[in-house]
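The values are calculated or read from the model by the stated rules, or taken from the named source; none is laboratory data. Predicted model, so just to flag it, every value in this text is computed and none were measured. Every residue, glycine among them, receives a Cβ derived from its backbone with ideal geometry; neighbour counts consider all protein chains shown. To get the accessible areas, we keep the full protein, side chains included, count just its heavy atoms, and leave off ligands, DNA and RNA. Shrake-Rupley method; radii C 1.70, N 1.55, O 1.52, S 1.80 Å.
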Amino acid sequence: MLTKIFGSAVFGVEATTVTVEVNVDKGIGYHLVGLPDNAIKESNYRIAAALKNNGYKIPGKKITINMAPADLRKEGSAYDLTLAIGILAASGQIASPNIDTYLIMGELSLDGSVQPIKGALPIAIKAQQEGFKGFILPKDNAKEAAIVGKMEVFGVESIKEVINFFDTDEPLEQTVIDTREEFYKKLDFPDFDFSDVRGQESIKRCMEIAAAGGHNIILIGPPGAGKTMLAKRLPSILPPMTLHEALETTKIHSVVGKVKDMGLMSQRPFRSPHHTISDVALVGGGTYPQPGEISMAHNGVLFLDELPEFKRTVLEVMRQPLEDREVTISRAKFTVTYPSSFMLVASMNPSPGGYFNDPDSQVTSSPAEMQRYLGKISGPLLDRIDIHIEVTPVPFEKLSEDRKGESSVAIRKRVTAARQIQGKRFSELEKVHYNAQMNTKQIREYCRLDQPSLELLKNAMERLNLSARAYDRILKVARTIADLANMEKINGDHISEAIQYRSLDREGWL
């Protein structure tokens, strides 16, 4: 007897429906075809034990299973439940009049319990698009899949529930979520707040500008100056995620199995990988490609603490994703693209000893040590960082003050207003949403200077020995400063402030 049942394969951040054809005939044998990996090939042992422990069995006949499309590689243990139900239906052990109207996925334990899977959200989106009546999956993933709506989602804890659903019409509990209500309910404020930061008013101003324009930023300062503390609070002043951004972000985290019972993500991600990370772990890839840290930070912040400690090869592979805001991983037989639109926040000590240019410190570094240390950060990478700012230690008087600083709520209001101005400005452009994304042509159009401002910029570049790469960055940042001030034209004050944020372009650094 031949039975067709449906599962799904996740490829990148998109899903492809997999048709599982199960044929039970005379003879003996178990044949699984359609490019399954080892985890799927081993599934017959898990299925046999799960069925036996629930009063069923794999029939002693010739079982042939084809997973179509046959040229698409399938991986993982999420097909256990699909294959098990298909075998029971094809061997006549359960009735299956409407089994082909449901998409079924789940990993089986030996006792028949159903374990969570990865990629439930993209699978649910594809199932809804292809008109399936419902999606049966592990209970831990049900909330995640129910985000999609317009389709029945049933979370199950054991294979027995699925068998009874098809064989005896015993109802399953449907998971229903109002996506918009869920999203707005979770728009809580982040744990970290800028009101906790004592002093550092100029640095907080700089962080506000970076958030308003989506600019990448690097913080340079000695140990204990507060670089990490400031970076962790940056997401608290970024504009709230839109529903579209939340779905995009949740999809990526779903593929790596980081959502499960959380449902829809509504907080911007903050990723802070260790400096020993490999290039594959950072940008994604592997034998079976998975999103890396830069994709996990999509629509959020990627924080690289102690930037020169990262391997140079790791930093260099970020250059293309920083420019294109997506990363493409190519293999001999396929190509996968992951979104990676994030704000890069990096921090570093000014020297190997950490106290370069500090008159109160006795720790010094030789010119050769400085060159080796700073040489780990290439010019092309710095080209993609708009703001360089020096962070100095906070005096004791400031640390001991009882008065709290300005809250993240107040700063976020100004940032959101500036982003709205940019949204209107770039409304007709497809890939530009905020100032940091402008190319050279758009900079010339939206960052025009009057003659006094142009002279000011020219003099600053000559006197401070600023490199040519600083020119466009200064104009972008000045445009954001003007937006925060709700001013249509860039003036000399905006240019002057933007020039301050190019520390690493000055003579004596690189």
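Tabulated values for the structure
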| item | result |
| --- | --- |
| Dipole magnitude (debye, nearest 20) for the chain, charges at Cβ of Lys, Arg, Asp, Glu | 680 debye |
| Principal semi-axes in Å for region 165-310 [√(5λ), Cα gyration tensor, largest first] | 35, 21, 12 |
| Most to least accessible of Phe165, Phe194, Phe270 (protein chains only, probe 1.4 Å) | Phe270, Phe165, Phe194 |
| Solvent-accessible area per residue for the chain (1.4 angstrom probe, square angstrom) | 45 Å² |
| The chain - percent of accessible surface contributed by carbon and sulfur, probe 1.4 Å | 50 percent |
| In degrees, nearest ten, helix 43-52 long axis to first principal axis of the chain (Cα) | 50 degrees |
| Helix 201-213 vs. the chain, principal-axis angle (Cα, 0 to 90°, nearest 10) | 50 degrees |
| Accessible area, probe 1.4 Å, largest first, for residues Thr175, Thr440 | Thr440, Thr175 |
| Ordering of 471-483, 323-335 by burial proxy (mean other Cβ atoms within 10 Å per residue, highest first) | 471-483, 323-335 |
| Shape of region 22-136, Cα gyration tensor, a/c cut at 1.5 | rounded |
| Rounded to 5, percent antiparallel among DSSP beta bridges of the chain | 50 percent |
| Among Ser467, Gly76, Ser195 - extreme Cα towards positive end, dipole of the chain, charges at beta-carbon | Ser467 |
| Inter-centroid distance (Cα atoms) of region 127-165 relative to region 35-53, Å | 21 Å |
| Rough spin-label spacing in nm, given labels placed 7 Å along Cα→Cβ, for Val256 and Ser109 | 2.7 nm |
| Cβ crowding within 10 Å averaged over residues, with 207-214, 41-48 ranked highest first | 207-214, 41-48 |
| For the chain: rounded, prolate or oblate by the Cα gyration tensor [a/c cutoff 1.5] | prolate |
| Largest to smallest accessible area among Lys376, Lys404, Lys431 [probe 1.4 Å] | Lys431, Lys404, Lys376 |
| Formal net charge of residues neighbouring Asn491 (Cβ-Cβ distance under 14 Å; K, R +1; D, E -1) | -3 |
| Approximate spin-label separation Leu35-Arg325, in nm, with each point projected 7 Å along Cα-to-Cβ | 3.2 nm |
| Helix 469-484 axis, angle to the chain major axis (alpha carbon atoms, nearest 10°) | 80 degrees |
| Label point distance in nm, Asn164-Thr242, each placed 7 Å from Cα along Cα→Cβ | 4.5 nm |
| Normalised alpha carbon radius of gyration of region 71-220 [divisor 2.2 N^0.38 Å] | 1.52 |
| Convex hull (Cα only) mean projected area of region 234-287, reported in nm² to one decimal | 4.9 nm² |
| Cα gyration tensor shape of region 368-510, rounded if a/c is under 1.5, else prolate or oblate by comparing a/b with b/c | oblate |
| Share, in percent, of DSSP beta bridges within region 1-130 that are antiparallel, nearest 5 | 75 percent |
| By average C-beta atoms within 10 angstrom, highest first, the peptides 94-105, 445-456, 231-242 | 231-242, 94-105, 445-456 |
